[in-house]
Amino acid sequence: MAAALTLLLIGCLLQSVLCEQFGVIVPSTISVLRGSCVTIPCSFHIVHDHESNLDNTCSAVWKNNKEFMFDSSNLQQSIIGKLTGDLKKKDCTTTLNNMQPANSNTYFFRLECRNDLMYTFHNPKVNIVVKDDLPRPTLTPSTLKVREGTAVSLKCSAPAPCLSHPPTLTWTPSLGNSQETLLENQDKTKVKTSVVTFTASHLHHGQDISCTAVYNKQDGSTESSGSTRLTADVSFAPHILPSSDCTKTAAQLICSCETVGNPSPTLQWYLDGLPVNHSDKFAISNVLLNDTALSFITVNQPQERDLSTLLCSSSNYLGSATQRFHFYILEPQTSAESHDLVMLTVFITTVVTLLVLVCALLLVIRAQRTRHNLPESTVAMNQLRTSEEGNEVPNATEEDIYVNIDVQRQADVAHPATISGPNNAEGAGESSEKKNEEGDDVIYSSVNWKSKKKKGEDSADMDQHGRFYLEEERGMKGDDVQKSCEEHNGDGKPI
């Protein structure tokens, strides 16, 4: 405990002593791009007695062992540089413009006030080195070795000696969103950083990832650039490539299986679920190239029983992948293709089913319409039968009557009596009576064409001047009702 108090006391004494002395803090070395500017971070402290002398009359002077480089009190030197710090706050940061190789030198800071405060800080000094190209940017981490699916952050850093013209940082390839920031080193110099974040994939494995820093010079001369790169090492489970296929001839069946994985995968062939090894009937050869494995299997003189499902399996410690080959189609069929085939079959079946249902519905509608049309013919006959007696039917013949064929056939079966002239009325009546005597419960109807000629007219002119009428007889079992339709003259009396 006593030792700790002693050390604390010594520290306080040293701090008080240092605070009472003149001192400056500047970086030891700054690299500058030719034709561009440089910002020198600077801070100082003075003895306590001169604190009141820090006022607006103070100026910053930078010089080397031979000559003055910059004096902030000289307005004509504003082209050379500018005091960007506040001397009253003990900040002597200064920017020097358009640096050339001849300006490469060691510089120190001098504080000049128009009072008793004037002091040259000989140590430490800053060494300014003017170069044609700045150091290449730095990548953190310098190597990338991750597992697939891991979130990765890469940081690219490049010095920014000229704050008015910081570098532009670009990633190749474009991996994702990046965020740029201007950071400060321990010696107060500035650095431009860009951080890119992405998820590692097997597609990144073996890729060269680079960061390029481009500097636009202050004097407008040709820009300068530099880049740093690394190679991504991403471990991942195997993937079987689409180049895997089969070819078949009468004498041989040859299948190839190509896979990639990190670490390098191993390959194994299976036939109907059983492993296949090299033999007289099955020739197997393997080729390994970096992270790619290629295997060939040859079946000599394949028979029908050999046309089964062949399986290629690729595996490493991260996982495995399989590929099925169906010989009869001479090409591999993945699970996605199988799914598409099933979906196509379901689609075709659905369409055919809908078409069948539509056709069946149309047939039902057509049948219903046909049944509804049957009563319409009967109604037409009734309308014809009850028409007005004065209607004339000129030149009427038996061919002018149209009746439904099915109705006529049913009438012929129920009433064998045929349509005749005037002399057949009695026969029709006899037929009706016989039908009633047989005891059938069927309503029947007999329709006869009859002609009526006027007195004094010859029968030869009946077709021209005669009148025609319909006579119908209807009857049913137990019913002797008979109806007739006759044509009447204009006086209302039947002809």
Next item on the list: Give, rounded to the nearest 20 debye, the magnitude of the charge dipole that segment 23-155 has about its Cα centre when Lys and Arg contribute +1 at Cβ and Asp and Glu contribute -1 at Cβ.
Entry: 580
Margin query: A 32 angstrom limit on the alpha carbon distance is what I want to check against. Which of Lys66/Lys190; Lys88/Lys190; Lys66/Lys192 exceed it?
Written below: Lys66/Lys192
Notebook entry, point to check: All other residues with a Cβ under 11 Å from the Cβ of Thr181 taken together, and with Lys, Arg as +1 and Asp, Glu as -1, what is their net charge?
Noted result: +1
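Can you tell me the order of 156-162, 106-112 when each peptide is scored by its average per-residue count of other Cβ atoms within 10 angstrom, highest first?
The packing order, highest mean first, is 156-162, 106-112.
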Notebook entry, point to check: About the Cα centre of segment 163-237, what is the dipole size in debye to 20, counting +1 per Lys and Arg Cβ and -1 per Asp and Glu Cβ, all else neutral?
Noted result: 80
Checklist line | Pairwise centroid distance, computed over Cα atoms, of segment 87-102 with segment 112-141, Å | finding: 8
Notebook entry, point to check: What ranking, highest mean first, results for peptides 27-39, 60-72 when packing means the other Cβ atoms within 10 Å averaged over each residue?
Noted result: 27-39, 60-72
Next item on the list: Note down the magnitude of the dipole of segment 33-101 about its Cα centre, charges +1 on Lys and Arg C-beta and -1 on Asp and Glu C-beta and zero elsewhere, to the nearest 20 debye.
Entry: 320
Next item on the list: Please work out how much length the chain gains when fully extended from His48 to Asp340, using 0.36 nm per residue of separation minus the C-alpha to C-alpha distance, in nm with one decimal.
Entry: 96.5 nm
Margin query: For a 31 Å ceiling on Cα separation, which of these pairs sit above it: Lys82/Lys131; Lys89/Lys155; Lys131/Lys155?
Written below: Lys89/Lys155
Note to self: Just to confirm, what accessible area per residue do you get for segment 14-159 at 1.4 Å probe, in whole Å²?
What the structure shows: 54
Check: Using a simple spin-label model with points 7 Å from Cα along the Cα→Cβ vector, what separation in nm is obtained for Thr298 and Gln77?
Finding: 8.6
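The values are calculated or read from the model by the stated rules, or taken from the named source; none is laboratory data. Values in this document were obtained by computation on a predicted structure and should not be read as measured data. In this analysis, Cβ positions are derived from the backbone assuming ideal geometry, glycine residues included, and neighbour counts consider all displayed protein chains. Remember, those area values only see protein heavy atoms, side chains included, never the ligands or the DNA or RNA. Shrake-Rupley method; radii C 1.70, N 1.55, O 1.52, S 1.80 Å.
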